[in-house]
Amino acid sequence: MTITNAGALPDSATGKPAKRRRYRGIDQLGGVDRLVIILMVVVPSLLLVWLVWFPAIASVVLSFTNWDGIGPLSSIKFIGLKNYSDVVTIYPPFWPAVQHNLIWLAVFFLIATPLGIFFAVLLDREMRGSRFYQTAIYLPVVLSLALTGFIWQLIYSKDQGLINGLTGSTIDWYGDPRYNLWAALLAATWKQTGYVMLLYLAGLKGVDPSLREAAKVDGANERQTFFRVVFPVMAPINIIVLVITVIESLRAFDLVWVINKGRNGLELIATLVTQNVVGEASRIGFGSALATFMLIISTVLIAVYLRIVMREQR
């Protein structure tokens, strides 16, 4: 009979006592290891505070002031809710920007997301060339802004663009306010679809195959299996895509700014913030009020998302 140490299990091959695994706390580590762990925790935390929390808090504080970014900090005067009142009542681009952001959200939700789901379902079937199609659909997500703008400029150019060349028209797709929002939305949907596709494709790969088999045994067709079995199982992915879609529609900025700096029919809240904070107006307090509107909306969405996730984990 082999006697082992307390907490140790005998090795099945040799019959000798197995070595006990010992887990050391940070107080039992060497000086170098302890320093590395502390730096790995402290440095990212400081960067998070400096690059995220400090600017966010500063924006909220400055939104109650009339600071123009030029005078010293001692010249700042607190004016209460005047900036917020001016944004809502006497700032003409604000409500068109809100409307455009809502349109952006609707297009992402009703077009980009269903397209992403559709492509994910097709690629999940492991058809021939699926790796190529997956790369082709996801490629717009990783392309640089400059390259994306160049590609769509070749399509939308008034004089030498692909659309006008095929149709024989002379429409200024980026300059005419009747068309430029929809032209920008098409380009944005092109990028967003690949992002949604990748998220749902990862979710489909994680669905238990036995669920599909059970639904097939019960007589469900592919459409019924997806909407009644597979789609509800991917509830966490659905929530993530919903939150990402809302946030992406709120922070839509880059493509619109490249086109015409968010003017002449392409007003968005994010471009208004940039125009007032770093533009010719240099109204830091007013621009911070606009940024605070975006911060509040994003915070509410994140809070709702975290509450749902924590409730599911319980």
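The values are calculated or read from the model by the stated rules, or taken from the named source; none is laboratory data. Source: prediction; values computed, not measured. For neighbour counting, all protein chains shown are included, and Cβ atoms are generated from backbone atoms with ideal geometry for every residue, glycine included.
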Looking only at residues in the range 54-86 that are in a helix (DSSP H, G or I), touching a residue at least 12 places away in the same chain (Cβ under 8 Å) and among the hydroxyl-bearing types (Ser, Thr, Tyr), which one is nearest to residue 282 (Cα to Cα)? 59
Is it true that some residue in the range 182-191 is in contact with an Asp or Glu (Cβ under 8 Å, 6 or more places away or on another chain) and assigned by TED's automatic domain parsing to the domain that holds residue 132? no
Name the one entry in 148, 167, 113 that is at pLDDT below 90, of a type in the set (S, T, N, Q) and within 20 Å of the chain's Cα centre (by Cα). 148
Checking residue 257 against (1) closer than 30 Å to residue 71 by Cβ; (2) of a type in the set (Phe, Trp, Tyr); (3) in contact (Cβ under 8 Å) with a residue 24 or more places away in the chain: exactly one of these is not met. Which one? (3)
Tell me, which residue of the range 188-210 that is aliphatic (A, V, I, L, M) and surrounded by 21 or more Cβ atoms within 10 Å (Cβ to Cβ) is nearest to the chain's Cα centre (by Cα)? 196
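So that you can scan it fast, the table gives a plain yes or no per residue for (1) within 16 Å of residue 195 (Cβ to Cβ); (2) touching a residue at least 60 places away in the same chain (Cβ under 8 Å); (3) outside any helix (DSSP H, G or I):
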{"residue": "99", "(1), (2), (3)": "no, no, no"}
{"residue": "109", "(1), (2), (3)": "yes, yes, no"}
{"residue": "115", "(1), (2), (3)": "yes, yes, no"}
{"residue": "120", "(1), (2), (3)": "yes, yes, no"}
{"residue": "126", "(1), (2), (3)": "no, no, yes"}
{"residue": "134", "(1), (2), (3)": "yes, yes, no"}
{"residue": "147", "(1), (2), (3)": "no, no, no"}
{"residue": "153", "(1), (2), (3)": "no, no, no"}
Please work out which one of (1) within 22 Å of residue 301 (Cβ to Cβ); (2) part of a loop (DSSP other than H, G, I, E, B) is the condition residue 240 fails and give its number. (2)
Criterion violated by residue 225 - all others in (1) part of a helix (DSSP H, G or I); (2) at pLDDT below 85; (3) not aromatic (Phe, Trp, Tyr) satisfied: (2)
Quick one: in the range 171-187, of everything that is touching a Ser or Thr at 6+ places or on another chain (Cβ under 9 Å) and among the hydrophobic types (A, V, I, L, M, F, W, C), which residue is farthest from residue 118 (Cα to Cα)? 173
